[in-house]
Amino acid sequence: MTPEELRDALADAIARAVREGSLPPGAASGPAGGAHFRPADQRSPGVAPDWVTAVAQRWATTLGREPRDVARELARGLGRHPRVEAVEVAPSGLLLLTLTGQGRGAVIDAVLAAPDEWALTPGAHGAPPTEAPGSRPAGDPVARAQVAHARLCRLVRNAEALGVEVRGTRGRDELVQGSERRLLVGLADLPRRIAATGGDVAAVSDLARLADDWRLPVHPPVLGAPVERVHGARLGLARAARLVLRNGLWRLGASAPERM
């Protein structure tokens, strides 16, 4: 799910709460300025949620309610969404959402369906930039993103050569390791982050770091071993991450080499 889809789910939760009388009729239009979802802080130990929003904290005063009470009402509605696995209400009123495997993995389909548009305005940047691989200094964040892109290209080539295929949404529920969850959320969040801050270099560099942290097998580790469902799901993730990194590099006027 993208931030836009999360906002739609929240709007449905608000509408339900108004119909049921747990929020006042005036709440039907939602909070002023809308709701903002951001990736949850993943530095804490254990399994962290995927997204967080402070909408209840910002909206509570307008509604004349305590933030945690508003958050509980919103959490009740959000928890009914088929792609939301759990919603936690923090003591401060923050809402922390954990998506299902299909909910996180839906961004793969969204990227593959619009490979030349995700985080990149169609036609706005002309032809893909060309530059010699390795021409940027090693410490340059753009160079690190180029290396991450080339690594993803290698993963895709190797997996396809060994017969791995993406078969619809099969295996998405197995993309549960922390590094791949963070990468999926990062892919979904990149267009919002670029649009909101214009911080293209930092956004692309952070996504490249998430891609580098993802070191799970995309094909059987032993030649001749059977291909598992999770391998196909990870191939889909590798393809999507490669495309999004390519688009991010093109936004910066940088090439996206397939080999380095």
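Here are the numbers for the structure shown:
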read-out: Segment 1-45: C-alpha gyration tensor shape, a/c 1.5 cut-off, then a/b vs b/c; value: prolate
read-out: Helical mean residue ellipticity (222 nm; -39500 (n - 2.57) per DSSP H run of 4+; nearest 500) of the chain; value: -16500 deg cm²/dmol
read-out: Distribution of pairwise C-alpha distances over the chain, 10 Å bins, in %; value: 7, 28, 30, 21, 10, 3, 0
read-out: Length added when fully stretched, Arg76-Asp41, from 0.36 nm per residue minus Cα-Cα; value: 10.3 nm
read-out: FRET E, pair Asp140, Glu88, Förster distance 30 Å, beta-carbon r, rounded to 0.05; value: 0.15
read-out: Calculated FRET value between Arg157 and Asp69, using beta carbons and R₀ = 30 Å, to 0.05; value: 0.05
read-out: Long-range Cα-Cα pairs in segment 42-193 (distance over 26 Å), rounded percent; value: 45
read-out: Most mobile listed residue (Asp41, Asp206, Asp173) in the chain, GNM with C-alpha springs under 10 Å; value: Asp41
read-out: Gap separating the Cα centres of segment 162-238 and segment 44-99, nearest whole Å; value: 26
read-out: Mean separation of Cα contacts under 8 Å, 6 or more apart, over the residue count of the chain: relative contact order %; value: 22
read-out: Apportionment of accessible area to carbon and sulfur, segment 57-112, percent (1.4 Å); value: 47
read-out: Anisotropy class of segment 30-120 from Cα gyration tensor, a/c 1.5 cut; value: prolate
read-out: Portion, in percent, of the accessible area of segment 214-260 that falls on carbon or sulfur, probe 1.4 Å; value: 53
read-out: Between 0 and 90°, nearest 10: helix 67-78 axis offset from the chain longest Cα axis; value: 60
read-out: Most mobile of Leu243, Leu94, Leu183 in a GNM of the chain (Cα contacts under 10 Å); value: Leu94
read-out: Percent RCO, i.e. relative contact order, over segment 130-218, from Cα pairs under 8 Å lying at least 6 residues apart; value: 42
read-out: Estimated D of segment 129-235 in µm² per second, where Rh is the Kirkwood radius over Cα pairs and Stokes-Einstein applies at 10 °C, 1.306 mPa s; value: 104
read-out: Sum of side-chain charges, Gln102 neighbourhood, beta-carbon under 12 Å (Lys, Arg +1; Asp, Glu -1); value: 0
read-out: FRET efficiency, Val227 to Ala11 (Cβ-Cβ, R0 51 Å, nearest 0.05); value: 0.80
read-out: Gaussian network model of the chain, Cα within-10 Å springs - most flexible of Thr100, Thr61, Thr169; value: Thr61
read-out: Table column - 3J(HN,Hα) (Hz), segment 167-183, Karplus curve with 6.51, -1.76, 1.60, x for Gly and Pro; value: 10, x, 9, 4, x, 4, 5, 8, 7, 10, 5, x, 5, 7, 4, 5, 5
read-out: Whole-number accessible area per residue in Å² for the chain, which is evaluated in the context of all protein chains at 1.4 Å; value: 47
read-out: Two-site label geometry, Val201 and Gln177: point separation in nm, points 7 Å out along Cα→Cβ; value: 3.2
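The values are calculated or read from the model by the stated rules, or taken from the named source; none is laboratory data. Keep in mind that this is a model prediction, so the values were computed, not measured. Methodologically, a virtual Cβ is constructed for each residue, glycine included, from the backbone with ideal geometry; neighbour enumeration extends over all protein chains shown. To get the accessible areas, we keep the full protein, side chains included, count just its heavy atoms, and leave off ligands, DNA and RNA. Shrake-Rupley method; radii C 1.70, N 1.55, O 1.52, S 1.80 Å.
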